[in-house]
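The values are calculated or read from the model by the stated rules, or taken from the named source; none is laboratory data. Here the structure is a predicted model, which means the values were calculated and not measured. All Cβ positions, glycine included, derive from the backbone under ideal geometry; neighbour counts span all protein chains shown.
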Amino acid sequence: MKMVKNTDSNPRMGAGIVGPGDQKRNKQYCCFNCSPDRDRDRESRTKKRHFRRQCHLNQEFNMLDHIFLTVSNTESAIAFYTKVLPILGITNRHDYDGKDGPAGHPDLMGFGAKGRIFFWLRQGQPAPEAVHVGFVANSEDIVNTAYAAALAAGATQIHKPGPQLHYDPRYYAAQVRDPDGYSLEFVYKSWQHDDATQ
């Protein structure tokens, strides 16, 4: 996949974002318990449960707005993540010049998708034991491909792709350490995707 440069002047905003006000106007709710229809008959509850799953799936990129990862060398880190993240559908890039922010604001190198930049790199002293990042994969094959690409780009293995039986047999994942030692996980949880049957 090709990495696309984002020209949006505001690195924390993007097109296609639905805010809480939009959800209210459209009579949508984030979960079944938030809906005033929760006490209706069984058929209504069944439909709401289905809507709740779809609602949460649609908010996949909205639950966490952004994260900063401090790296020892931004150029090397960009090169690494540019080879790995597009496999996961994270195909947009945007850089933010720290001088455009308040005093002391760092330069930021961002990655994102679907009109949002949410994964940011900044220069500094890495703290790999403090951070674990799990990236959503849309299939087991994508987990496998991202894992292989990460190793080829300089990551080291934590564990090979496979079912994580200590969590759930449907939880398929692989873990690596990036060149700064950060733990990265590529995760496919089948029940959280549109084609899930439960």
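In the stretch 136-175, how many residues are aromatic (Phe, Trp, Tyr) and in contact (Cβ under 8 Å) with a residue 40 or more places away in the chain?
0
How many of the residues making up the stretch 97-134 are over 21 Å from GLY154 (Cβ atoms), in contact with a Lys or Arg (Cβ under 9 Å, 6 or more places away or on another chain) and part of a strand (DSSP E or B)?
Count: 5.
As an exercise: evaluate LYS114 against (1) within 16 Å of the chain's Cα centre (by Cα); (2) at pLDDT 95 or above; (3) among the charged types (D, E, K, R) and give the number of the one condition it does not meet.
Failed condition: (2).
Every residue in the stretch 64-105 that is surrounded by fewer than 13 Cβ atoms within 10 Å (Cβ to Cβ) and at positive phi, please.
GLY104
Looking at this structure, is VAL131 among the β-branched types (Val, Ile, Thr) and buried (at least 19 other Cβ atoms within 10 Å of the Cβ)?
no
Given the criterion surrounded by 15 or more Cβ atoms within 10 Å (Cβ to Cβ) and touching a Leu at 6+ places or on another chain (Cβ under 9 Å), identify the matching residue among ALA137, ALA149.
That would be ALA137, the only listed residue that is surrounded by 15 or more Cβ atoms within 10 Å (Cβ to Cβ) and touching a Leu at 6+ places or on another chain (Cβ under 9 Å).
Inside the stretch 65-87, can you point out the residues that are over 18 Å from the mean Cα position of the chain (by Cα) and either outside any helix (DSSP H, G or I) or not hydroxyl-bearing (Ser, Thr, Tyr) (or both)?
VAL71, SER72, ASN73, GLU75, ALA79
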